[in-house]
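S.K.: The structure that follows is given in the form of structure tokens.
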Amino acid sequence: MNKQWWKEAVVYQIYPRSFKDSTGSGVGDLNGITEKLDYLKDLGVDVLWLSPIYESPNVDNGYDISDYQAISREFGSMADFDRLLAAAHERGLKIVMDLVVNHTSNQHKWFMESRSSRVNPKRDWYIWRDGVDGSRPPNKLGSIFSGSAWEKDAGTGQYYLHLFAKEQPDLNWRNPEVRSAVFSMMKWWLDKGIDGFRMDVINLIGKPDEALAISGEPVDPIPNDKLTHTYLQEMRCEALSHYDIMTVGETPGVTASAARQFAGFDANELNMVFQFELMDVDADPKTGKWNQNRYRLSDVKKIMSKWQTELHGVAWNSLYWNNHDQPRVVSRFGDDFCAECRVRSAKMLATCLHLMQGTPYIYQGEELGMTNFPIQSLDDIRDVESLNAYRELVSESAVFSHEQMLAAIRKSGRDNARTPMQWDKTANAGFTTGVPWITVNPNYVEINAEAQVQDSASVFSYYKKLIALRKQYPIIVHGDYELLLPDDERLFVYHRCFEGRTLLVFCNFSGETLSRPSGTGFGRGSLLISNYAETELAAALVQPWEATVYLT
């Protein structure tokens, strides 16, 4: 049994801008996080992953970094960070930083030097190409944030690559000076005492030759995994291997087979990766996430089960339902239309995920059952991805009407996850005494931490129980996995087995009362946890949104 602390840990993701404002500026900050460490310790989590807190123009809410070794003035100072790190460590909490090194801000000093002239020593730190016929981008590679991935620089007449916003130019990882500078920066943070990195879109750092070709034609944007693996192995050798830390790579498009290369126990690269197959389960072939599609539970089970079985014993899973880029889990996979349904389904979803093998990630507010925001107009939207999609799909191509696009953003937009943390029922949910940078979800009066922390029947208390079970029962961390009823569109049932013991996890993904299927082993052994009282459980019937776990 290969034991590492990050396998047994539970991670809590903090989006600092929306977590807690200590100054009345309307923007969350580092001292606000420090203020709430006891809340997080009480929840029982082990690791705090901070979304970017570096200096940034905030075109993409901090994922456009202008100084990797400075704290955003909105969030505080480096002294504030040092106090946060020390206070977290005093409580046995680890801090993982967000590492964004596929690209920088166009305000980073590296890029400002690079764009200053074609002969500047840092010109090759970014990816520059001539256009076609002097007037068109080098090729038709598209940006993930819509439009061309190439932007013409008026000063030098060349185009630079940006896979995301035009204010986020991609670094040229083929240049060894770039890699050396990045590794030095990483070691600077690790020497400060941080406990690891979440690496933003890290599998995109290896760019294939065809994506950079001057052809004027459509090109394949698939990353060059061979290059990426070379860079990550060098990163591990030069920086990561010298510290006892946790690393997780965000890897869009990764398959289970590829994940074994990135996060295999013998790969010498990363500890685990974030895969997006589950997040794309309801995607539309033409418009991607922007749709009104309903997921099929059989597809969810197929995806989750594939990752459980194909990585077992050879690599490690990261387990998550939502994050800062995804809609709220209870609104997407559960039921947020009534209070009882929301609470039941939030607990069920937590059970289904946390009893699987892998490291669970809780996104801030998930432990309260926070929901999507009821967006009414474009004025409610802050997210650059949503605004760009509106321009492309409504204003430019008329794929959607205004109302259809708003409905799609209400369902899938990133701002759903970014509304302020709901601490109590006072003004602005206790997040700030000022004007919040983004509107607070109006349901904060009913859904807030103050109301749940002392309530033994709350979503918060249920998450505490799940986290405690993971620390108590090795079968949850190390057991193998077997899916039951693969074709059922309402029930998600699976076994975990370890050292002669079996865990039965029984989850109803519907608000219907169903007949209990035979042959699952339901009712045998000791009841480990359920979102219903034991007296409410029935041998013949499955309750709406029921989650029940037995151990034999």
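S.K.: Given the structure, is D80 assigned to a helix (DSSP H, G or I), of a type outside the set (G, A, S) and in the same structural domain as M186 (by TED's automatic domain parsing)?
M.R.: yes
S.K.: Among what's in segment 1-57 and is more than 19 Å from M78 (Cβ to Cβ) and small (G, A, S), pick the residue that is farthest from the chain's Cα centre (by Cα).
M.R.: Step by step, filter segment 1-57, then rank; the result is G24.
S.K.: Same structure, new question: Whether any residue in segment 388-406 is touching a Lys or Arg at 6+ places or on another chain (Cβ under 7 Å) and either touching a residue at least 40 places away in the same chain (Cβ under 8 Å) or not assigned by TED's automatic domain parsing to the domain that holds V505 (or both) is what I want to check.
M.R.: No, that holds for no residue.
Per-residue answers, yes or no, for (1) crowded, with 20+ Cβ neighbours inside 10 Å; (2) at pLDDT 95 or above; (3) basic (K, R):
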site	(1), (2), (3)
V445	no, yes, no
N448	yes, yes, no
P474	no, yes, no
Y481	yes, yes, no
R496	yes, yes, yes
L503	yes, yes, no
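S.K.: Could you go through segment 117-128 and let me know if any residue there is surrounded by fewer than 22 Cβ atoms within 10 Å (Cβ to Cβ), within 22 Å of the chain's Cα centre (by Cα) and in a loop (DSSP other than H, G, I, E, B).
M.R.: Checked against the condition, which is being surrounded by fewer than 22 Cβ atoms within 10 Å (Cβ to Cβ), within 22 Å of the chain's Cα centre (by Cα) and in a loop (DSSP other than H, G, I, E, B), segment 117-128 yields no hits at all.
S.K.: Given (1) at pLDDT 95 or above; (2) in a loop (DSSP other than H, G, I, E, B), identify the lone condition not met by S146.
M.R.: Evaluating S146 over (1) at pLDDT 95 or above; (2) in a loop (DSSP other than H, G, I, E, B) leaves (1) as the failure.
S.K.: Would you confirm whether or not segment 300-320 contains a residue that is in a strand (DSSP E or B) and either hydroxyl-bearing (S, T, Y) or under 28 Å from V542 (Cα atoms) (or both)?
M.R.: The answer is yes, given that some residue of segment 300-320 is in a strand (DSSP E or B) and either hydroxyl-bearing (S, T, Y) or under 28 Å from V542 (Cα atoms) (or both).
S.K.: Now for a separate question. How many of the residues making up segment 302-317 are of a type outside the set (D, E, K, R) and more than 19 Å from D487 (Cα to Cα)?
M.R.: Matching residues across segment 302-317 total 7.
S.K.: Checking I214 against (1) touching a strand residue (DSSP E or B) at 6+ places or on another chain (Cβ under 7 Å); (2) closer than 21 Å to S66 by Cβ; (3) surrounded by fewer than 20 Cβ atoms within 10 Å (Cβ to Cβ), which test does it fail?
M.R.: (2)
S.K.: Additional query: Anything in segment 220-237 that is of a type outside the set (S, T, Y) and within 12 Å of N268 (Cα to Cα)? List them, or say none.
M.R.: Selection gives H229, L232, Q233, E234, M235, R236, C237.
S.K.: Can you run down the residue pairs with Cβ atoms below 6 Å, 6 or more apart or on separate chains, where the first is in segment 522-538 and among the small types (G, A, S) and the partner is not in a loop (DSSP other than H, G, I, E, B)?
M.R.: Pairs that qualify, where the first residue is among the small types (G, A, S) and the partner is not in a loop (DSSP other than H, G, I, E, B), are G525/Y550; G525/L551; S526/L551; S530/T548.
S.K.: So, one more: Does at least one position in segment 237-258 carry a residue that is farther than 23 Å from V11 by Cα, assigned by TED's automatic domain parsing to the domain that holds D98, buried (at least 16 other Cβ atoms within 10 Å of the Cβ) and in contact with a helix residue (DSSP H, G or I) (Cβ under 8 Å, 6 or more places away or on another chain)?
M.R.: Among the residues of segment 237-258, at least one is farther than 23 Å from V11 by Cα, assigned by TED's automatic domain parsing to the domain that holds D98, buried (at least 16 other Cβ atoms within 10 Å of the Cβ) and in contact with a helix residue (DSSP H, G or I) (Cβ under 8 Å, 6 or more places away or on another chain), which makes the answer yes.
The values are calculated or read from the model by the stated rules, or taken from the named source; none is laboratory data. All values derive from a computational prediction rather than experimental measurement. Here Cβ is always computed from backbone atoms with ideal geometry, including for glycine, and neighbour counts include all displayed protein chains.
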